[in-house]
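Beneath this line is the structure, given in structure tokens, with notes to follow.
The values are calculated or read from the model by the stated rules, or taken from the named source; none is laboratory data. What you see is a predicted model; the values in this text were computed from it and never measured. We place every Cβ from the backbone using ideal geometry, glycine too, and count neighbours over all the protein chains shown.
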Amino acid sequence: MTDLATALTAVYGPEIQPQIRRYQAGLAAFRERFGPGPVTVFRAPGRVNLIGEHTDYNDGYVLPLALDKDVLLFARPRPDSTIHLHNLEPRFPPRAFPLATAIPPAPAGDWSNYVRGAAQELARRLGLELPGLDVLVDGRPPHGVPRGAGLSSSSALTVASAVALAYFGGWRWDGDTMAQLCSQAEWYVGTRGGIMDQYIALQARRDHALFLDCRPLPGGSFRSRPVPLPPGHRLLVVDSGVRHQNTRNEFNRRVAACRAGVALLRRAHPGIGHLRDVEAVDWSRLEPLLPEVITPAELQALGHPLEDLPNVPPDAPLRVRACCRHVWHENRRVLATVAALERGEMAEVGRLLREAHASGRDDYQVTTPELDTLVALAMEVEGVVGARFTGAGWGGCIVVLVRLEAVAQFLATVPERYRAQTGRSATVFPCRAGPGAGLVGTF
């Protein structure tokens, strides 16, 4: 058995009293539902991307960090091969399903599908020797990952589930392999994103961001390295209160625009597969090769059909030049931000964050008036280094890098001014970069 305080200090640092109460409540709730006995606890963090938006699925660069907000999974093996799920949030009802290499999904949108996807991938990898589990999930605020805010609460649940199943199945995983497995597991719910969310959830280091090259190396591993965050500064994640709704079609159109751009650039640069492949070519030479707008039907007539992109109709106008311009420059901004952080040049980091927001607003067109308002208000606070939208856009959050002495002023003014201008409530989460997912202990 593990000492709770010792285990939590290793994960969260010295300020653990709120976490002790949280874990004790979860352990008590688990035993109330499933009976007395040892309980093994796993965790997986949410993430925020400091810079590098819509680059991961273009084989580009990102700079995420894991939050000290996480999803907890309390578990105990069962004598059969069934997963029994409970959630401490009443809006997520209990679920149960048998372990198998083909697990029937629950209805679309059901919370258990993230666990089902992870279970199916682990069953395929490890065979049906996996034990069944009794599981209790706790992702409640203020310590859980906010849902619908673009901080990857769904990936955190997927990763925590996979880590738990791997533990009880006896699989000693490595981070690259597990990240790919969890990314594949989210295909179960229809997500066709990149590797970033799963990778940072597993590979994060406290007080560091993680530079990640999303292009797999031969053999399937990825190039990454930790990047220390500046002392004397704090990260604030500010939730705009605007939720992502009906955005999958818009997301797919951005993916289609980038793919269209690559197809058209091949006429001058044969053999390229992603925009990343022309990163050494000056944008002034690439831009004239790309149309402002083209439709999938027009592309097909040119011999460049777009495949595997649902809900992109043949007459959809794809903003090819602007979307490719964003991705080409965003990759450079990530590299420049890493270099500036390592040199301690915070003014340059701030400039790059502001440029990234403007590019997402004007070229990729994924911000909202609320996100733009929050960024503008943040930049009016003395001591704020930089701010930008984070996540896919269309709502969710901004990330703000601010000097420690300015945090109180930010908290006192920005939410109030945001409400006055938009009529919405903004929630501010002061965050530290936390460690990656894993076993906490058995209690």
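Within the range 69-99, being surrounded by fewer than 21 Cβ atoms within 10 Å (Cβ to Cβ), touching a residue at least 60 places away in the same chain (Cβ under 8 Å) and either among the hydrophobic types (A, V, I, L, M, F, W, C) or under 30 Å from Asn331 (Cβ atoms) (or both) holds for one residue alone: Leu88. Taken over the range 209-229, the criterion of being free of Cβ contacts under 8 Å to residues at least 12 places away in the same chain and at positive phi is satisfied by Gly219 alone.
Inside the range 134-152, residues that are within 20 Å of Arg95 (Cα to Cα) and surrounded by fewer than 24 Cβ atoms within 10 Å (Cβ to Cβ) make up a count of 4. Contact map, the range 120-142: residues that are without any contact (Cβ under 8 Å) to a residue 24 or more places away in the chain and within 17 Å of Gln184 (Cβ to Cβ) paired with residues that are surrounded by fewer than 22 Cβ atoms within 10 Å (Cβ to Cβ) and not aliphatic (A, V, I, L, M), Cβ distance under 6 Å, separation 6+ or inter-chain. Pairs shown: Arg124/Thr101.
Just for the range 272-320: of the residues that are of a type in the set (D, E, K, R) and touching a helix residue (DSSP H, G or I) at 6+ places or on another chain (Cβ under 7 Å), which one is farthest from Ala260 (Cα to Cα)? Among residues in the range 272-320 that are of a type in the set (D, E, K, R) and touching a helix residue (DSSP H, G or I) at 6+ places or on another chain (Cβ under 7 Å), the one farthest from Ala260 (Cα to Cα) is Glu279. Scanning the range 273-301 for residues that are over 20 Å from Glu53 (Cα atoms) and without any contact (Cβ under 8 Å) to a residue 12 or more places away in the chain yields Asp282, Ser284, Arg285, Pro288, Glu298, Ala301. If the condition is being under 23 Å from Pro216 (Cβ atoms), in contact with a Gly (Cβ under 9 Å, 6 or more places away or on another chain) and either among the polar types (S, T, N, Q) or modelled with pLDDT of 95 or more (or both), then the range 276-291 contributes Asp277, Glu279. Filtering the range 26-42 to residues that are under 27 Å from the mean Cα position of the chain (by Cα) and either surrounded by fewer than 19 Cβ atoms within 10 Å (Cβ to Cβ) or not β-branched (Val, Ile, Thr) (or both) leaves Gly26, Phe42.
Taken as a whole, the condition of being outside any loop (DSSP other than H, G, I, E, B) and either more than 29 Å from Ala406 (Cβ to Cβ) or in contact (Cβ under 8 Å) with a residue 24 or more places away in the chain (or both) does not apply to Ala268.
Does Gly220 qualify as being surrounded by fewer than 21 Cβ atoms within 10 Å (Cβ to Cβ), closer than 27 Å to Val338 by Cβ, touching a Cys at 6+ places or on another chain (Cβ under 7 Å) and not β-branched (Val, Ile, Thr)? The answer is no for Gly220.
All conditions but one from (1) touching a helix residue (DSSP H, G or I) at 6+ places or on another chain (Cβ under 7 Å); (2) in contact (Cβ under 8 Å) with a residue 40 or more places away in the chain; (3) closer than 28 Å to Phe429 by Cα apply to Cys323; the one that does not is (3). The lone criterion from (1) of a type in the set (Ser, Thr, Tyr); (2) in contact with a Phe, Trp or Tyr (Cβ under 9 Å, 6 or more places away or on another chain); (3) surrounded by fewer than 19 Cβ atoms within 10 Å (Cβ to Cβ) left unmet by Ser240 is number (3). Checked against the criterion of being outside any helix (DSSP H, G or I), surrounded by fewer than 21 Cβ atoms within 10 Å (Cβ to Cβ) and not basic (Lys, Arg), the candidates Pro288, Pro314 yield just one match: Pro314.
Scanning the range 109-119 for residues that are of a type outside the set (D, E, K, R) and either closer than 21 Å to Arg172 by Cα or in contact (Cβ under 8 Å) with a residue 40 or more places away in the chain (or both) gives Trp111, Asn113, Tyr114, Val115, Gly117, Ala118, Ala119. The single residue among Gly190, Gly169 that is closer than 27 Å to Gly273 by Cβ and either of a type outside the set (D, E, K, R) or touching a His at 6+ places or on another chain (Cβ under 7 Å) (or both) turns out to be Gly190.
Residue by residue, here is whether (1) surrounded by fewer than 21 Cβ atoms within 10 Å (Cβ to Cβ); (2) in contact with a Phe, Trp or Tyr (Cβ under 7 Å, 6 or more places away or on another chain); (3) assigned to a loop (DSSP other than H, G, I, E, B) holds:
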{"position": "Thr101", "(1), (2), (3)": "yes, no, yes"}
{"position": "Arg124", "(1), (2), (3)": "yes, no, no"}
{"position": "Ala166", "(1), (2), (3)": "no, yes, no"}
{"position": "Ala185", "(1), (2), (3)": "no, no, no"}
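Arg206 meets all of the listed conditions (1) of a type in the set (D, E, K, R); (2) outside any helix (DSSP H, G or I); (3) free of Cβ contacts under 8 Å to residues at least 24 places away in the same chain but one, namely (3). Quick check on Glu382: is it more than 28 Å from the chain's Cα centre (by Cα) and under 30 Å from Ala426 (Cα atoms)? Considered against the rule, which asks whether it is more than 28 Å from the chain's Cα centre (by Cα) and under 30 Å from Ala426 (Cα atoms), Glu382 comes out as yes.
Within the range 362-376, the only residue that satisfies the criterion of being under 24 Å from Leu341 (Cα atoms) and either touching a Lys or Arg at 6+ places or on another chain (Cβ under 8 Å) or modelled with pLDDT under 95 (or both) is Val375. Note on the range 162-195: among residues that are of a type in the set (Ser, Thr, Tyr) and under 16 Å from the mean Cα position of the chain (by Cα), the one that is modelled with the highest pLDDT is Ser183.
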